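Student: I'd like to ask some things about the structure below.
What follows is calculated from the coordinates using simple rules that are stated; it is not laboratory data. Owing to the predicted nature of the structure, the values given are computational and were not obtained by experimental measurement. Using ideal geometry, Cβ is built from the backbone for each residue, glycine included, and neighbour counts are taken over all protein chains shown.
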Amino acid sequence: MNTTNHVDGHPPESAAIPAQNSDRLPPGQLFMDGAWCDSRASQRRTVVNPATGLVITTAAEADAEDVSAAVAAARQAFDTGAWPRMPGRERARTLFRVAELIRTHADELAMLETTDTGKPLQLSKMVDITTTIDLFEYYAALAWSIDGATRQTAAPMLAYTRREPLGVVAAITPFNFPLVLSVTKIAPALAAGNTMVHKPADETPLTALRLAELLHEAGVPDGAFNVVTGGGKTGEHLVRHPQVDKIAFTGSTTTGRRVAALAAETVKPVTVELGGKSANIVFADADPVSAIAASVTAFVFNTGQFCAAGTRLLVQRPVFDDVVAGVTAGASTIPVGDPLSPHTVIGPLAGQRHLDKVRHHVDRAVREQGATLLAGGERLADTDGYFYAPTVLADVDQHAAAVQEEIFGPVLTVQPFDTEEEAIMLANGTAYGLAAGLHTTDVSRAHRVAERLRAGTVWVNTWGMLDVTVPFGGCKQSGYGREQGPEALAEYTQTKSVLVAVAPDAAG
Ligand code: NAP
């Protein structure tokens with residue numbers, strides 16, 4: 001087993017993930033109205049395996065006409081099709097079939113996700129595929145219970161509410177958990193009776209395209225789910241399109257601002273799940289072994305490309321040196337390498353631009369912000385893949401860019417604190433509010449601090465646990481809206497009130 005920070009054994013060629021899993025997806029095609037079709041645009045993008053730097057396939061760069069065609073298919077499926085009008089329990093049966101098909105094709109989908117993102121195959125199987133199945137089953141079950149209420153009124157009438165789908169939902173997703181972050185939108189949106197156009201990240205479109213086929217095979221009607229591939233421009237065409245009724249967006253805060261502003265032009269509701277810079281607080285009374293283990297996982301999971309990564313470690317001064325030494329040792333010995341090896345814990349970053357960004361942040365922190373490098377700080381050699389060593393930065397000021405800005409790689413800053421009040425102030429002291437965590441054996445402190453942390457999710461004595469039943473989302477510049485849990489259904493439905501006059505009894 002590889003226990004050091006270098007790329008596991010093989011030269012890039014032999015470590016290459018078999019490309020055949022993407023061969024069955026027609027290169028450069030889009031999925032619309034229940035079938036593959038050619039893009040009207042001539043431009044294509046290459047899709048690269050980040051573990052090897054080798055091209056896997058190409059994807060279309062859908063233009064305005066492509067987007068309009070996909071939206072028209074979704075519009076027609078919504079306005080005249082069966083999907084929005086069938087009882088929720090019927091949609092549920094179809095979504096349960098989707099879950100079953102994903103189970104059947106779990107290995108294939110996991111390999112596609114690993115090829116596309118570089119994440120370890122074990123992780124793709126255990127997290128991405130499992131969560132995807134859970135999401136379809138959970139929202140299939142909830143589709144039975146999307147209903148309204150009756151209200152008491154002063155005048156003689158029957159007043160009741162209906163929860164109805166919004167219409168055509170555009171789902172725009174990032175590269176880090178392509179399948180899961182797509183399905184956190186697709187499962188509740190379809191369960192509620194909406195139709196959809198989905199644009200995955202240009203770097204990682206493969207599982208979205210394959211999922212479109214599986215949804216079709218399960219019986220989702222033609223036009224109810226469509227996929228367009230392409231970059232930010234393709235996304236903007238979708239956001240601006242007047243026939244799109246709702247935008248479900250996950251991505252960076254910078255793009256989220258732009259998306260929300262564009263959506264406002266046509267007064268579309270938006271959910272924006274954005275970036276994070278989450279603080280992980282270790283109090284002196286914490287169990288050191290579990291706090292150190294959780295703190296390493298918090299920043300290296302998915303190569304740090306996790307919106308809720310715990311990238312700011314705050315440690316109470318009496319245990320600062322021991323905890324930081326433990327985390328640094330843990331980060332320095334974590335197995336980084338070939339995503340196909342069962343021993344690998346961390347794969348590469350998702351692409352060259354991500355590697356460049358992480359290097360820039362770390363170099364700037366050391367050169368310009370006076371940070372001390374305790375571990376990592378370098379690209380891992382001997383490979384064409386985008387591997388970067390888990391990195392720990394000490395001696396960082398709260399106002400330094402390394403503390404304030406999302407790096408989106410396996411990079412941790414460490415800061416000491418003295419009091420509970422100071423820990424809360426440091427933890428809340430960025431523009432973000434996605435997640436936070438604390439480690440303590442004092443139960444009162446756990447609840448007291450959890451209440452005061454400005455974050456959508458707070459973990460106590462753990463990090464990164466999520467469940468499809470539990471809502472997830474941000475506050476401050478980490479966005480608004482919630483995904484997962486019953487709360488997500490509210491994001492894909494609107495309430496209609498029906499008021500029926502009740503005539504007085506003619507005989508009376
Ligand atoms: P990104 O650059 O913002 O891209 C996200 C998606 O938006 C991609 O599909 C992208 O297309 C598209 N896009 C780019 N510009 C657009 C525009 N002007 N209009 C419409 N769509 C546009 O984010 P990323 O780098 O892929 O992902 C990393 C970010 O996502 C991090 O900040 C991370 O924290 C955040 N994230 C948040 C959550 C959460 O739940 N809060 C979860 C995961 C990730 P292209 O990729 O093709 O350019």
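Student: Which value, in Å³ per residue, describes the convex hull spanned by the Cα atoms of region 331-472?
Tutor: Numbers: hull volume 21.5 nm³, N = 142.
In region 331-472, the Cα convex hull volume per residue is 151 Å³.
Student: Using only the alpha carbons of region 243-325, determine the length spanned along each of the three principal axes and report them from longest to shortest in whole angstroms.
Tutor: Per principal axis, max minus min of the Cα coordinates gives 57, 22, 17 Å.
Student: Please list 3J(HN,Hα) in residue order for region 468-475, calculated via the Karplus relation 6.51 cos²θ - 1.76 cosθ + 1.60 where θ = phi - 60°; whole Hz, with x for glycine and proline.
Tutor: 5, 7, 10, x, 9, x, x, 10
Student: Kirkwood Rh over Cα pairs of region 423-501 into Stokes-Einstein at 20 °C, 1.002 mPa s: D in µm²/s? Working shown, then result.
Tutor: Values: Rh = 14.4 Å.
The diffusion coefficient I find is 149 µm²/s.
Student: For region 16-274, give the magnitude of the charge dipole about the Cα centre (Cβ charges: +1 Lys/Arg, -1 Asp/Glu; no others), in debye to the nearest 20. Intermediate values should be presented prior to the final figure.
Tutor: Details: 25 positive and 28 negative charges, 141 e Å.
For region 16-274, the charge dipole is close to 680 debye.
Student: Zone of Gln76 (label point 7 Å along Cα→Cβ, backbone N under 16 Å): which residues in region 214-234?
Tutor: Counting only backbone N, you get 221-227.
Student: Right, another one. More than 42 Å apart: what percent of Cα pairs in the chain qualify?
Tutor: Details: 26338 of 128778 pairs.
The proportion of pairs with Cα distances above 42 Å equals 20 percent.
Student: Place a point 7 Å from Cα of Glu405 in the direction of its Cβ. Which residues in region 329-367 have their backbone N less than 12 Å from it?
Tutor: Under cut-off, by backbone N: 357-366.
Student: Whole number please: convex hull volume per residue, Cα atoms of region 378-433, in Å³. Before the final figure, lay out each step's value.
Tutor: Numbers: hull volume 5.1 nm³, N = 56.
With only Cα atoms used, region 378-433 gives 90 Å³ per residue.
Student: Could you give the angle, 0 to 90 degrees to the nearest 10, between helix 443-452's Cα long axis and the longest principal axis of the Cα atoms of the chain?
Tutor: 60 degrees
Student: With a Cα-only, solvent-free Debye model of region 33-84, what are the log10 I(q)/I(0) values at q = 0.20, 0.24 Å⁻¹?
Tutor: One equal scatterer on each Cα of region 33-84 leads to -0.77, -0.90.
Student: Further, regarding this structure: Put a dot 7 Å past each Cα toward the Cβ at Val443 and Arg258; how far apart are the dots in nm?
Tutor: The two pseudo-label positions are separated by 5.0 nm.
Student: Mean separation of Cα pairs under 8 Å and 6+ residues apart, divided by the residue count of region 100-158: what relative contact order is that in percent?
Tutor: On the way: 24 pairs, mean separation 15.4, N = 59.
Over region 100-158, the number comes to 26 percent.
Student: Turning to a different aspect of this structure: For a quick check: sort Lys357, Lys185 by the number of other beta carbons within 10 angstrom, fewest at the front.
Tutor: Numbers: Lys357 16, Lys185 29.
Taking fewest neighbouring Cβ atoms as first place, the list is Lys357, Lys185.
Student: Let me ask something else about it. Once the piece of chain linking His360 and Lys496 is laid out straight, how much longer is it, given 0.36 nm per residue of separation minus the C-alpha distance between them?
Tutor: Working: separation 136, 0.36 × 136 = 48.96 nm, distance 5.07 nm.
In short, 43.9 nm is gained.
Student: Take the alpha carbon atoms of region 97-133, find their center, do the same for region 331-364, and report the distance between the two centers in whole angstrom.
Tutor: Taking the Cα centre of region 331-364 as reference, the centre of region 97-133 is 21 Å away.
Student: In addition: Taking every Cα atom in region 16-274, find the radius of gyration and the maximum pairwise distance Dmax, and write them in Å.
Tutor: 18.4, 72
Student: Hey, got the dipole for the chain? About the Cα centre, +1 on K and R Cβ, -1 on D and E Cβ, debye to the nearest 20? Walk me through the intermediate numbers first.
Tutor: On the way: 41 positive and 56 negative charges, 256 e Å.
So the magnitude is around 1240 debye.
Student: Extent of region 129-173 along each principal axis, from alpha carbon coordinates, in Å, largest to smallest?
Tutor: 53, 23, 10
Student: If packing is taken as the average count of other Cβ atoms within 10 Å, what order do 274-287, 237-250 fall into, highest mean first?
Tutor: Details: 274-287: 23.7, 237-250: 22.2.
The densest-packed peptide leads the list: 274-287, 237-250.
Student: Using a Debye calculation, one point per C-alpha and no hydration shell, please list log10 I(q)/I(0) for region 52-143 at q = 0.13, 0.14, 0.24 Å⁻¹ in order.
Tutor: Ignoring solvent entirely, the Cα scatterers give -0.69, -0.78, -1.04.
Student: On to the next question. Among His198, His399, which comes first, second and so on when ranked by fewest other beta-carbon atoms within 10 Å? Show your work: numbers first, answer last.
Tutor: Numbers: His198 29, His399 9.
So the ranking, lowest neighbour count to highest, is His399, His198.
Student: From the phi angles alone, apply the Karplus equation (6.51, -1.76, 1.60; θ = phi - 60°) to region 376-389 and give each ³J(HN,Hα) in whole Hz, x where the residue is Gly or Pro.
Tutor: Rounded to whole hertz, the list is x, x, 8, 6, 7, 7, 6, 7, 8, x, 9, 8, 9, 5.
Student: Tell me, what is a quarter of the convex hull surface for the C-alpha atoms of region 211-251, in nm² with one decimal? Could the numbers behind the result be given before it?
Tutor: Details: hull surface 14.5 nm².
Approximately 3.6 nm², given one-decimal rounding.
Student: Amide H to amide H under 5 Å from Leu54: which residues, 5+ apart in sequence or cross-chain, H placed 1.01 Å off N in plane?
Tutor: Amide H neighbours of Leu54, under 5 Å, 5+ apart: Asn49.
Student: Also, quick follow-up: I need Trp36, Trp463 ordered by Cβ neighbour count within 10 Å, fewest first.
Tutor: Numbers: Trp36 15, Trp463 25.
In increasing order of surrounding Cβ atoms, one gets Trp36, Trp463.
Student: Looking at the chain, send over the antiparallel percent of its DSSP beta bridges, to the nearest 5. Before the final figure, lay out each step's value.
Tutor: Values: 29 of 67 bridges.
Here the antiparallel bridges make up roughly 45 percent for the chain.
Student: Applying the Karplus parametrisation 6.51 cos²θ - 1.76 cosθ + 1.60 with θ = phi - 60° to the phi angles of region 84-94, what ³J(HN,Hα) value in whole Hz is obtained for each residue in order, glycine and proline being reported as x?
Tutor: Coupling constants for region 84-94: x, 9, 6, x, x, 5, 6, 4, 4, 4, 5 Hz.
Student: What is the distance, in nm, between label points placed 7 Å from the Cα along the Cα-to-Cβ direction at Ala450 and at Ser145?
Tutor: A separation of 2.2 nm, rounded to one decimal place.
Student: Quick one: of the DSSP bridges fully inside region 16-274, what percent are antiparallel, nearest 5? Before the final figure, lay out the partial values.
Tutor: Numbers: 13 of 29 bridges.
Of the beta bridges lying entirely in region 16-274, close to 45 percent run antiparallel.
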